1. Going by what's in this entry, would Thr171 be described as in contact with a Ser or Thr (Cβ under 6 Å, 6 or more places away or on another chain), of a type in the set (Val, Ile, Thr) and at pLDDT 95 or above?
2. Test each condition in (1) out of contact with any Lys or Arg (no Cβ under 7 Å at 6 or more places or on another chain); (2) open to solvent by less than 20 Å² (accessible area, probe 1.4 Å); (3) within 29 Å of Phe36 (Cβ to Cβ); (4) not polar (S, T, N, Q) for Val202 and report the one that comes out false.
3. Considering only residues of the range 116-140 that are touching a strand residue (DSSP E or B) at 6+ places or on another chain (Cβ under 7 Å) and open to solvent by 30 Å² or more (accessible area, probe 1.4 Å), which is farthest from Lys76 (Cα to Cα)?
4. Please work out which residue is most open to solvent (accessible area, probe 1.4 Å), limiting yourself to the range 5-31 and to residues that are in contact with a His (Cβ under 8 Å, 6 or more places away or on another chain) and either at pLDDT below 95 or of a type outside the set (Ser, Thr, Tyr) (or both).
5. Confirm whether Lys159 is without any contact (Cβ under 8 Å) to a residue 24 or more places away in the chain and surrounded by fewer than 13 Cβ atoms within 10 Å (Cβ to Cβ).
6. Quick check on the range 37-61: of everything there that is open to solvent by less than 70 Å² (accessible area, probe 1.4 Å) and touching a residue at least 60 places away in the same chain (Cβ under 8 Å), which residue is nearest to Phe181 (Cα to Cα)?
Amino acid sequence: MKCPLCSFSAHYLTSGENREYWLCSQCRAISVPAEFHIPKDEEVKRYLEHENSLESEGYVQMFQKKIDLLQTYEIKSALDYGCGYEPVLKILLERQGIRADGYDPNFFPDIRLDKLYDLVISTETFEHFRNPAEEIPRITGRVIPGGILAIMTRFYPAKDFANWYYKRDPTHIIFYCSETFQWLAKNTGFKLVFNNEHDFVVLSRPGPRPGKY
């Protein structure tokens, strides 16, 4: 099997939840083969079952902690890529005085992806990518020179992946670790500037910012 992220050779790792998991020898991503992906309509139905709203205090606090980590960067505009059915993060960014857009292929597909942003942030989205080799360049291409890309997704454990709770969600089909994001930075021309080794990385795009954009 070829890795859906880097197209390098992946080898069988383990089985569970009525599907298989394959580990890439190069970027170290762990992916679920396409034949085990659930239908798209069932996937969307599961998203709608999540209580992801402004009324969910824990959900809002999770986002706010990530926003606080980004305070050291100059951010006037942002794109929330994979914002879900209620764009909570977009609203929180706007409360910080940041011009924000929200894109989601299932719920907000009509947002034009031809603008550049100081910040592109994607939270709890990368693990759902069926075609990361196509999806990720679309995301990195929205970051302005001198801007940043922030990614939140739970890193898989170095040991006992077979019993890891996060892989039990049938909509979670690709998993990452620090090595994966190091590979990603190297192969996109970005620089990995922050990594909490758990669920959050920040990558910067080199280059001077244009005067107007």
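1. no
2. The single condition Val202 does not satisfy is (3).
3. Selected residue: Glu124.
4. Trp22
5. Here the answer is yes, as Lys159 does meet what is asked.
6. The qualifying residue nearest to Phe181 (Cα to Cα) is His37.
The values are calculated or read from the model by the stated rules, or taken from the named source; none is laboratory data. The shown structure was predicted, so the numbers you read here are calculated from the model rather than taken from an experiment. Neighbour counts are summed over all protein chains in view; Cβ atoms, including those assigned to glycine, are modelled from backbone coordinates with ideal geometry. What goes into the accessible areas is simple: the full protein's heavy atoms, side chains included, and nothing from ligands, DNA or RNA. Shrake-Rupley method; radii C 1.70, N 1.55, O 1.52, S 1.80 Å.
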